[in-house]
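Step one of this worksheet: look at the structure below.
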Amino acid sequence: MCKIAVDIPEAVLFDKCLTQIKAEKMVKKAVALYCYVHMDVSIGYCAEIAGMTEEEFMRFLGENKVSVFRFDSEEEFLEELKNSEDYYSTSSI
């Protein structure tokens, strides 16, 4: 795995009451979020970058108002919605 260093002034850590460990976790999550939103990296890889499980990362996405669902068009979304409605109307769930 590639390691990247980020220099954060000690004053920022002090002012925001961040330990080095908390700052590292924050940066990993920020990079993973950016990769998911802007670079189309998978949830699995982004979870790995963030040091989280996939479920934890999906919750993190929700906390940041980012959907786990991606559609190229409204038509694609409506088709998937119809498919799910058809599935649930015919299943015994």
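Take every Cα pair under 8 Å whose residues are at least 6 apart in sequence, average their separation, divide by the length of the range 34-93, and the relative contact order is 16 percent.
Near Ile8: Cβ cut-off under 10 Å, other residues only, Lys/Arg at +1 and Asp/Glu at -1. The net charge is -2. The residues of the chain expose, per residue, 85 Å² of accessible area to a 1.4 Å probe. Taking every DSSP helix (H) stretch of at least 4 residues in the chain, weighting each as -39,500 (n - 2.57) and dividing the sum by the residue count yields a mean residue ellipticity at 222 nm of -20500 deg cm²/dmol.
The C-alpha radius of gyration of the range 8-66, expressed as a fraction of 2.2 N^0.38 Å, stands at 1.20. The accessible surface of the chain, taken with every protein chain in place and a 1.4 Å probe, is 57 percent carbon and sulfur. Helix 74-90 against the longest principal axis of the chain: what's the angle in degrees, Cα atoms only, rounded to the nearest 10? Between helix and principal axis, roughly 60 degrees. Counting 0.36 nm for each residue step from Glu54 to Cys35 and taking away their Cα separation leaves a gain of 5.4 nm.
The values are calculated or read from the model by the stated rules, or taken from the named source; none is laboratory data. Computed from a predicted model, the values in this text were never measured in an experiment. Neighbour counts are summed over all protein chains in view; Cβ atoms, including those assigned to glycine, are modelled from backbone coordinates with ideal geometry. We work out accessible area using only protein heavy atoms, side chains counted, and drop any ligands, DNA or RNA first. Shrake-Rupley method; radii C 1.70, N 1.55, O 1.52, S 1.80 Å.
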